[in-house]
Amino acid sequence: MNEEQGLSDQYGRASPWPLFVALGLVVSEVGVFLGLFTVAVFGLVLFGGSIAGILTESGYASRPWPTLLGFGGLLAVVGLGLVVWQVPLSAVTLEGFGQNGLLSRSVAIVAAGVILAAAGSVASVAEQTTV
Amino acid sequence: MAGEQLVLTGLMAVLLVVIVGALARAEDWRSYTPLAGGGGYGEATGHGHAEKPGGLVRWLTTVDHKDIGILYGVYAVVAFAVGGIMAMLIRVQLTLPGGVIVGNSYYNSLLTSHGITMLFLFGTPILAAFANYFVPLLIGADDMAFPRINAIAFWLLPPAALLIWAGFFTAPLTGNEIEPAQTAWTMYTPLSAEQANPGVDLMLLGLHLSGVAATMGAINFIATIFTERGDGVNWANLDIFSWTVLTQSGLILFAFPLLGSAMIMLLLDRNLATTFFATGNGGTMLWQHLFWFFGHPEVYILVLPPMGLVSYILPKFSGRKLFGFKFVVYSTLAIGVLSFGVWAHHMFSTGMDPRLRASFMAVSLAIAIPSAVKTFNWITTMWNGQLRLTTPMLFCIGFVSNFIIGGVTGVFLASIPVDLVLHDTYYVVGHFHYIVMGAIGFAVFAGIYYWFPIVSGRMYQKTLGKAHFWLSMIGTNVTFFAMLALGYLGMPRRYATYNFDGAIAPLAQVTTFHQLATVGAFILLVGQLIFVWNVVTSWLEGRRVESHDPWNLEENDMLGNEFSWFKEQRATALADGGEEDESVMADGGQPGQQSDER
């Protein structure tokens with residue numbers, strides 16, 4: 001066996017991604033619903049990253065970066081939408097962040113979205129400039 | 001608070017680094033090449049290589065339906081053990097009217113977790129185990145339609161179980177601040193909405209994830225059975241087990257997303273001050289309607305594949321084909337449709353509109369017809385057949401027997417006047433345990449014994465198998481028949497103690513029947529210990545099967561597709577000169593002795 005080959009190239013019926021997609025979804029749900037900011041951000045980043053990975057590995061996408069950008073953008077829009085729709089403008093302050101449950105949850109979703117989208121864009125640009 | 005946040009942030013950062021590191025080690029991302037057809041198999045890169053890595057990595061990364069089936073099976077048996085221990089604690093507690101071992105709150109937690117564990121962490125996954133391993137083999141498919149989604153669906157379950165059981169671990173650590181949920185498995189509002197305990201949120205999240213897993217699995221089974229059938233397998237000759245899995249998957253597709261949505265609404269009520277289930281606006285009834293619109297189909301989600309297992313296995317040991325195959329399929333479909341029209345029979349005593357109530361009674365009684373069609377077809381299949389009382393066959397017959405008792409008691413409960421008397425008594429508990437343990441559990445055991453040779457390549461120990469059956473049969477009937485009697489005596493369900501006034505119920509008789517039920521539960525426990533011992537030791541060092549037809553089905557021309565696949569597997573392994581199979585060859589030539597029990 002070629003040692004440099006990845007797991008899913010080497011073995012026809014193995015993929016490392018499903019475990020992390022599942023873990024990402026679990027951690028996201030726990031983080032968002034229980035209002036644990038860092039857990040929510042980590043979970044959503046893991047979930048989005050794993051989706052980009054599994055789609056690329058299985059051949060549904062040719063590169064992972066557009067998925068990262070798309071998923072991140074979607075999360076950011078959903079998070080911002082929640083704030084605009086449900087949180088009164090006066091509550092959107094640094095102090096309000098700790099007080100208003102919906103605000104901190106939405107900010108976590110937006111943060112994860114921004115991280116994913118930024119990672120997707122940077123990687124995409126870096127790839128195009130190096131090749 | 002800030003310290004906790006910092007620790008959590010650090011932990012998350014470390015986890016992220018570890019995961020990215022592990023993935024970077026395992027995978028060469030630059031090697032990913034898009035497949036021409038966009039298919040989800042990875043054949044383009046996998047062809048010509050070994051199928052799976054070794055050791056633990058194999059089990060963590062597998063997308064092979066057989067491996068995932070085994071994972072589901074192991075997971076479900078562990079959950080069965082946990083749920084079983086909870087049941088034993090409940091039974092010990094109720095040996096005396098004042099309770100024996102636990103306090104009222106802990107009893108409520110045990111009761112809630114026992115129900116949820118058995119239904120969602122044992123029942124649904126063990127059926128997915130059979131379906132994953134055998135549906136592709138039975139329909140001649142290479143794998144499931146979406147192997148990766150299959151793996152994702154499984155990997156959602158272990159965290160779901162941890163979340164559901166989390167309260168038992170966090171309660172001693174947090175000084176009972178985060179306790180296990182005490183909502184009963186039905187999670188009725190306003191109780192579930194108003195219990196401040198965060199353990200309820202954890203349980204709801206776990207349950208929600210298990211629902212997501214079940215839905216992903218169901219979509220996969222539907223796609224697989226519709227699109228992946230091999231040459232020669234069509235709708236006319238599709239086996240009965242696959243038919244029931246297809247119907248079950250349809251039910252899951254309509255029922256589980258609804259449960260998921262209702263649970264999200266409940267979580268929002270609990271955490272973000274929404275008022276979906278506020279008591280003033282009929283929210284209590286809204287929860288009951290939503291829950292039972294899922295909850296009653298769930299009963300058929302759990303019972304249809306076991307019915308398929310019995311319909312599949314029972315004819316093999318009766319020496320003849322399933323009597324009235326078409327009608328068994330039609331009755332499966334009829335049950336699938338009718339199951340969505342009976343939910344309010346769980347709510348007869350809530351004070352709902354009597355005209356609605358009557359219509360739900362009619363449909364509930366009507367669902368007895370397709371169930372009876374199946375029962376009579378099983379009996380007729382055995383009638384004058386050449387019965388071979390092997391362990392799987394004994395469990396099939398036990399299924400039919402227990403299903404009749406569980407079913408007939410259900411017909412009585414479907415009748416409004418009877419239900420108003422027996423509602424919320426042990427009669428209901430006895431009735432549904434006859435179905436979930438006496439029928440579903442028995443069919444699961446039949447399936448495990450019947451296919452044990454294919455999965456493990458070995459035969460289980462026959463005497464232990466029979467002991468398991470008889471202890472289970474006696475234990476089930478002692479325990480749950482006693483519960484039916486308790487119900488007639490007026491013993492309410494869900495009580496941690498029953499020191500009540502003699503005017504309410506005859507206490508001496510109630511105590512006796514509770515003690516009988518506990519004795520039965522211990523008989524059941526011994527039987528299940530034997531089962532686990534038998535499976536584990538036989539898997540590790542049981543006698544290897546020496547032919548592809550351990551049940552001698554070929555002589556009646558009843559070898560199923562899965563055993564034909566087993567034959568090919570063995571032939572391929574022989575041609576490859578695999579070490580294991582050389583001994584098979586050396587021991588060969590005595591097919592008569594291979595049969596476990598004839």
Self-check item: Conditions (1) farther than 24 Å from B:LEU94 by Cβ; (2) of a type in the set (Phe, Trp, Tyr); (3) assigned to a helix (DSSP H, G or I); number of the one not met by B:TYR460
Solution: (3)
Exercise. Spot the failing condition for A:ALA22; the list is (1) more than 7 Å from chain B (Cβ to nearest Cβ); (2) over 12 Å from the mean Cα position of the chain (by Cα); (3) at pLDDT 95 or above, and only one is missed.
Key: (1)
Self-check item: Criterion (at pLDDT 95 or above and at negative phi) met by exactly one of B:LEU272, B:LEU314, B:LEU268
Solution: B:LEU314
Exercise. Kindly state which helices (runs of 4 or more DSSP H) lie completely within the range A:53-131 and contain at least 1 residues that are touching a Phe, Trp or Tyr at 6+ places or on another chain (Cβ under 6 Å) and at pLDDT 90 or above.
Key: A:101-130
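Per-residue answers, yes or no, for (1) among the charged types (D, E, K, R); (2) under 16 Å from B:VAL455 (Cα atoms):
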residue	(1), (2)
B:VAL526	no, no
B:TRP539	no, yes
B:GLU546	yes, yes
B:TRP551	no, yes
B:GLU555	yes, no
B:MET558	no, no
B:GLU568	yes, yes
Exercise. Could you please tell me which pairs satisfy a Cβ distance under 7 Å, a separation of 6+ or placement on different chains, a first residue in the range B:350-367 that is more than 24 Å from B:GLY407 (Cα to Cα), and a second residue that is of a type in the set (A, V, I, L, M, F, W, C)?
Key: B:MET352/B:ALA344
Self-check item: Options B:PHE221, B:PHE256, B:PHE291: the member that is in a helix (DSSP H, G or I) and closer than 19 Å to B:PRO136 by Cα
Solution: B:PHE221
Practice problem: Considering each of B:PHE376, B:PHE317, B:PHE323, B:PHE276 in turn, give the residue that is under 30 Å from B:ILE219 (Cβ atoms) and aromatic (Phe, Trp, Tyr). | Solution: B:PHE276
Quiz prompt | Only one of A:GLY43, A:GLY12, A:GLY49 that is within 9 Å of chain B (Cβ to nearest Cβ) and closer than 18 Å to B:VAL63 by Cα | solution = A:GLY12
Quiz item: For B:VAL584, are the conditions met, namely being surrounded by 15 or more Cβ atoms within 10 Å (Cβ to Cβ) and either at pLDDT 80 or above or more than 29 Å from the chain's Cα centre (by Cα) (or both)?
Solution: yes
Quiz prompt | Scan of the range B:58-84 for residues that are over 17 Å from the mean Cα position of the chain (by Cα) and assigned to a helix (DSSP H, G or I), ordered by number | solution = B:ARG58, B:TRP59, B:LEU60, B:THR61, B:HIS65, B:LYS66, B:ASP67
Quiz prompt | Selection from the range B:368-397 of residues that are in contact (Cβ under 8 Å) with a residue 60 or more places away in the chain and among the polar types (S, T, N, Q) | solution = B:ASN377, B:THR381, B:GLN386, B:THR390, B:THR391
Quiz item: Can you find even one residue in the range B:27-46 that is outside the structural domain of B:PRO158 (by TED's automatic domain parsing), aromatic (Phe, Trp, Tyr), at pLDDT 70 or above and more than 30 Å from B:ILE454 (Cα to Cα)?
Solution: yes
Practice problem: Evaluate the following for B:ALA171: is it small (Gly, Ala, Ser), part of a helix (DSSP H, G or I), more than 14 Å from chain A (Cβ to nearest Cβ) and surrounded by 24 or more Cβ atoms within 10 Å (Cβ to Cβ)? | Solution: no
Self-check item: Unique residue being among the β-branched types (Val, Ile, Thr) and either assigned to a loop (DSSP other than H, G, I, E, B) or more than 14 Å from every other protein chain (Cβ to nearest Cβ) (or both) when the list is B:VAL245, B:VAL212
Solution: B:VAL245
Quiz prompt | Candidates B:GLY319, B:GLY280, filtered to the one that is out of contact with any helix residue (DSSP H, G or I) (no Cβ under 7 Å at 6 or more places or on another chain) and surrounded by fewer than 18 Cβ atoms within 10 Å (Cβ to Cβ) | solution = B:GLY280
Quiz item: Can you pull out the residues in the range B:109-161 that are hydrophobic (A, V, I, L, M, F, W, C), at the interface with chain A (Cβ under 9 Å from one of its Cβ atoms) and farther than 22 Å from B:GLU51 by Cα?
Solution: B:LEU156, B:LEU157, B:ALA160
Quiz item: Mind checking whether some residue in the range B:174-197 is surrounded by fewer than 23 Cβ atoms within 10 Å (Cβ to Cβ), within 12 Å of chain A (Cβ to nearest Cβ) and modelled with pLDDT under 95?
Solution: yes
Quiz prompt | Single unsatisfied condition, B:LEU96 versus (1) crowded, with 18+ Cβ neighbours inside 10 Å; (2) at pLDDT 95 or above | solution = (1)
Quiz item: Are any of the residues in the range B:52-73 among the basic types (Lys, Arg), within 14 Å of chain A (Cβ to nearest Cβ) and in contact with a strand residue (DSSP E or B) (Cβ under 9 Å, 6 or more places away or on another chain)?
Solution: yes
Quiz item: Could you say whether any residue in the range B:266-277 is more than 20 Å from the chain's Cα centre (by Cα), away from chain A (no Cβ under 14 Å) and among the hydrophobic types (A, V, I, L, M, F, W, C)?
Solution: yes
Quiz item: So is B:GLY250 crowded, with 18+ Cβ neighbours inside 10 Å, in contact with a Pro (Cβ under 8 Å, 6 or more places away or on another chain) and not polar (S, T, N, Q) or not?
Solution: no
Quiz item: Listed residues A:VAL32, A:VAL114, A:VAL107; which is in contact (Cβ under 8 Å) with a residue 40 or more places away in the chain, in contact with a Lys or Arg (Cβ under 6 Å, 6 or more places away or on another chain) and more than 9 Å from chain B (Cβ to nearest Cβ)?
Solution: A:VAL32
Practice problem: Identify all residues within the range B:7-29 that are of a type outside the set (A, V, I, L, M) and touching a Pro at 6+ places or on another chain (Cβ under 8 Å); write none if there are none. | Solution: B:GLU27, B:TRP29
Exercise. Kindly provide the set of residues from the range B:544-567 that are in contact with a strand residue (DSSP E or B) (Cβ under 7 Å, 6 or more places away or on another chain) and surrounded by fewer than 20 Cβ atoms within 10 Å (Cβ to Cβ), ordered by number.
Key: B:ARG544
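The values are calculated or read from the model by the stated rules, or taken from the named source; none is laboratory data. The shown structure was predicted, so the numbers you read here are calculated from the model rather than taken from an experiment. As a convention, Cβ positions derive from the backbone with ideal geometry for all residues, glycine included, and neighbour counts pool all protein chains shown.
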